[in-house]
Amino acid sequence: MAKIDAFFQLMHDHQASDLHLVSGQQPAIRIRGDIERIKYDILNNDSLKALLYEITPEHKIKHFEETGDVDFAYEIPGLARYRANYFQQKYGIAAVFREIPSKIATCVELGMPSVIAKLAMLPRGLVLVTGPTGSGKSTTLAAIIDEANRLRRDHIITIEDPIEFVHKSQNCIVNHREVGIHTKTFSAALRGALREDPDIIMVGEMRDLETTALAVEAASTGHLVFATVHTTSAVKTVDRVVEIFPESEQLQIRSTLADGLRAVISQVIFKRVDIKNRCVALEILIANAAVRNLIREQKTYQIPSMIQTGKKYGMQLLDDGIMDLYNRGWISGEDAYMKANDKPRFRPLLKYPPTDFTEV
């Protein structure tokens, strides 16, 4: 048992999402969104480095010492997996660990609308799960992949950096590939996947032009592709995918994306006020024929109106999702206001409405 495992056990016992170990500071954990210090000695660079290197693969140590950053996954059997990131900062080494539960929550357990689970049964197309870092994108994707794994008889390939949720093959064959270990890059793995008889491909992140192009191409050639993007709304997601391409190719990619896109799920995480837990507000765009036409005709600014009138298809604006959580008594008016897009709609919920100088 590694010495650092005691921190992971403490983190698990307190239901913390993240562990922060930083040279020159006390260790800290994030509980329900807030950083809390652990009563422990201030960490110095040499002792922290020894603590971290005990669980780090040799090739990852080499990569870290050459570049100053590294990502990998660490697992404690029977407890959980951890996504690790090491980085150098002014006072020495630092690390952040995110806990990845060993049990994958289902869409029902997560309280997701029924339309989310239905995405797992699509025959083909592109489904994007978006949101800021730490908003639960990986958890949502894992639930959808788990649904497919249980109900379909297909081949699922996941491409991640590092591998997070581990799916045991059920009715499907599931192959996990980690960038840097099993393949050099996301794009190389995607290229290879097209020759590996996949039905479903899950891409951890569409982070560059080549990966995005290959994901869109795979979706338009008969595969079901799931991927994450760091955007905050359905409109911004569509625009981001298009704008990553050179201007000369944007007309063509709009057409290809319009044909291949099936759904965009944008999410924001909240601290619950009724119980010690967190919850997620969703924006859901289902790419029906009308939405595809808007994408093709460069009228993405009209998509929010389409979402508003598309409730029968399972569509939902983020602000409606936030208001629903507030009406259930799960989140505070202050939190709702801070994370909403249409802030005037949420100002009446506040006892003391703030003056936001960025909106004056």
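Descriptive notes on the structure:
- Shape call, the stretch 1-148: gyration tensor on alpha carbons, a/c limit 1.5: prolate
- For the residue pairs Lys137/Lys271; Lys62/Lys184; Lys39/Lys60; Lys271/Lys343; Lys3/Lys49, alpha carbon separations beyond 23 Å are given by Lys39/Lys60.
- The listed peptides 242-251, 303-312, 172-181, ordered by packing as a protection proxy, come out as 172-181, 303-312, 242-251 (highest mean of other Cβ atoms within 10 Å first).
- Selection from Gln250, Asn277, Leu261, by position along the positive dipole direction of the chain (Cβ): Asn277
- Distance (nanometres) between label positions extended 7 Å along Cα→Cβ at Gln9 and Asn44: 2.7
- Of the peptides 224-236, 50-62, the ranking by mean beta-carbon count within 10 Å, highest at the top, reads 224-236, 50-62.
- The residues packed around Gln88, meaning those with a beta-carbon under 10 Å from its beta-carbon, carry a net charge of -1 if Lys and Arg are +1 and Asp and Glu are -1.
- Listed by Cβ neighbour count within 10 Å, with the fewest neighbours leading, Ser169, Ser23 appear as Ser169, Ser23.
- Under the convention that each Lys and Arg Cβ holds +1 and each Asp and Glu Cβ holds -1, the size of the dipole of the chain around its Cα centre is about 920 debye.
- Pairwise label distance in nanometres, Glu75 with Thr221, each label 7 Å out on the Cα-Cβ vector: 3.1
- When the Cα positions of Val241, Gly111, Leu43 are compared along the charge dipole of the chain, Gly111 comes out farthest toward the positive end, with charges on each C-beta of Lys, Arg, Asp and Glu.
- Each peptide in 281-293, 31-43 was scored by the mean count of other Cβ atoms within 10 Å over its residues; highest first, the order is 281-293, 31-43.
- Rounded, prolate or oblate (a/c below 1.5 giving rounded, otherwise prolate when a/b exceeds b/c) for the chain by Cα gyration tensor: oblate
- Summing charges over all other residues whose Cβ lies under 11 Å from the Cβ of His176, with Lys and Arg as +1 and Asp and Glu as -1, gives -1.
- Model label points for Asp197 and Glu210, set 7 angstrom from Cα along the Cα-to-Cβ axis, are 2.8 nm apart.
- Value of [θ]222 nm, deg cm²/dmol, for the chain, DSSP H segments ≥ 4, -39500 (n - 2.57) each, nearest 500: -9500 deg cm²/dmol
- Cα gyration tensor, the stretch 35-95 - rounded (a/c under 1.5), prolate or oblate: oblate
- Low-density loop positions, GluC sites (Glu not before Pro), the stretch 109-164 - DSSP coil, at most 12 other Cβ in 10 Å: Glu109
- Estimated at 0.36 nm per residue, the fully extended path between Asp274 and Asp342 surpasses their Cα-Cα distance by 22.0 nm.
- The calculated FRET efficiency for Ile181 paired with Gln298, based on their beta-carbon distance and R0 = 41 Å, is about 0.50.
Laboratory data are not the source of any read-out in this text; all were calculated from the coordinates shown. Small disclaimer: the values here were computed from a predicted structure and weren't measured. A quick note on method: Cβ atoms are made from the backbone with ideal geometry, for glycine too, and the neighbour counts reach across all protein chains shown.
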